[in-house]
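See structure below.
The values are calculated or read from the model by the stated rules, or taken from the named source; none is laboratory data. Everything numeric in this text was worked out from a predicted model, so none of it was measured. Cβ: placed from backbone, ideal geometry, glycine included. Neighbour counts: every protein chain shown.
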Amino acid sequence: MTGRFALCSFLQSHFLAWRTGLPSWLIRDLRKTGTSIGQLQSLDDCWQLTNAAGVVVTTTMNGGPIALKRIRQRLEGQPFAAYLNDLGFGTRPDAVAIIAGTDPYHYLDIVRTNSAARGVSPDEVVARIRAWEARYGFTLDGAGFDWLLGTFSNSPDDWRQLAAEVREFAPDVVDRGAGDLDALASELEQLNGIYAWWD
């Protein structure tokens, strides 16, 4: 049975490598990191789900940040990047996406983070992240269809001013989350970054 399982795992790794463009050695290595691995999903121009050039490693509940750190350490110096792809907040497992290349904007192009309900397009999300990157050295740690997370290498001087900017961009972080600007400013400072989301 072990030999049969090993053969199936080997063939699945090669098939996933063929479908995603990632090397099979990387997929075999990533299998050891989580509970399962599959193809990364994206949205096409008609907002329909489609397969993307990357994989998603499912982790344990609340295990995404630890898995992301391990995967990023493993990928250091390699032409691949990893980002949190789903945060289950203890209700379902987290997931980490791995793509070829190291450009975070390529990953954002795949997941198309937006808020149609709030009129925030994927291009506006990218523009805002570029602005944060220029001002604060923003590093993208994760993003999904309606959320993003990242940290700063240069902390803002005025966290409350940043909280007001984040609230304007993603009102749900205050209206359905922190409750007021001071609480959001405190959360952002504790994170030393931004977690924005839209309901």
Which one of these is surrounded by 15 or more Cβ atoms within 10 Å (Cβ to Cβ) and not acidic (D, E): G137, G150?
G150
Scan the range 118-132 and give yes if some residue there is in contact (Cβ under 8 Å) with a residue 12 or more places away in the chain, surrounded by 14 or more Cβ atoms within 10 Å (Cβ to Cβ) and more than 26 Å from D44 (Cα to Cα), otherwise no.
yes
State all residues of the range 178-199 that are hydroxyl-bearing (S, T, Y) and within 16 Å of the chain's Cα centre (by Cα); if no residue qualifies, say none.
Y195
Counting only helices (runs of 4 or more DSSP H) wholly inside the range 31-137, the ones holding at least 1 residues that are more than 20 Å from V173 (Cβ to Cβ), out of contact with any strand residue (DSSP E or B) (no Cβ under 8 Å at 6 or more places or on another chain) and polar (S, T, N, Q) are 64-75
Pairs, please: C-beta under 9 Å, at least 6 apart or cross-chain, first residue over 12 Å from V111 (Cα atoms) and at pLDDT 90 or above and in the range 42-63, second of a type in the set (A, V, I, L, M) and in a loop (DSSP other than H, G, I, E, B)?
V55/L22; N62/L87
The lone condition F145 fails out of (1) without any contact (Cβ under 8 Å) to a residue 60 or more places away in the chain; (2) over 19 Å from E187 (Cα atoms); (3) within 11 Å of the chain's Cα centre (by Cα) is (1)
Being over 23 Å from I129 (Cβ atoms) and either among the polar types (S, T, N, Q) or touching a Ser or Thr at 6+ places or on another chain (Cβ under 8 Å) (or both) is the requirement here; does T33 meet it?
yes
Flag for S186 being more than 23 Å from V111 (Cβ to Cβ), small (G, A, S) and assigned to a loop (DSSP other than H, G, I, E, B)
no
Pick out the one residue from A164, A143 that is at negative phi, small (G, A, S) and surrounded by fewer than 20 Cβ atoms within 10 Å (Cβ to Cβ).
A164
How many residues are polar (S, T, N, Q) and closer than 16 Å to E76 by Cα if we restrict to the range 20-35?
1
Given (1) crowded, with 18+ Cβ neighbours inside 10 Å; (2) under 15 Å from the mean Cα position of the chain (by Cα); (3) of a type in the set (A, V, I, L, M), identify the lone condition not met by A100.
(1)
Consider the range 188-199. How many of its residues are surrounded by fewer than 17 Cβ atoms within 10 Å (Cβ to Cβ) and either aliphatic (A, V, I, L, M) or at pLDDT 95 or above (or both)?
4
Just to be sure before I move on: is L108 of a type outside the set (D, E), touching an Asp or Glu at 6+ places or on another chain (Cβ under 9 Å) and surrounded by 18 or more Cβ atoms within 10 Å (Cβ to Cβ) in the structure I sent?
no
Taking only the range 148-162 into account, find how many residues are assigned to a helix (DSSP H, G or I) and within 21 Å of the chain's Cα centre (by Cα).
0
What number goes with the only condition from (1) over 25 Å from Q39 (Cβ atoms); (2) free of Cβ contacts under 8 Å to residues at least 60 places away in the same chain; (3) touching a Ser or Thr at 6+ places or on another chain (Cβ under 8 Å) that P156 does not pass?
(3)
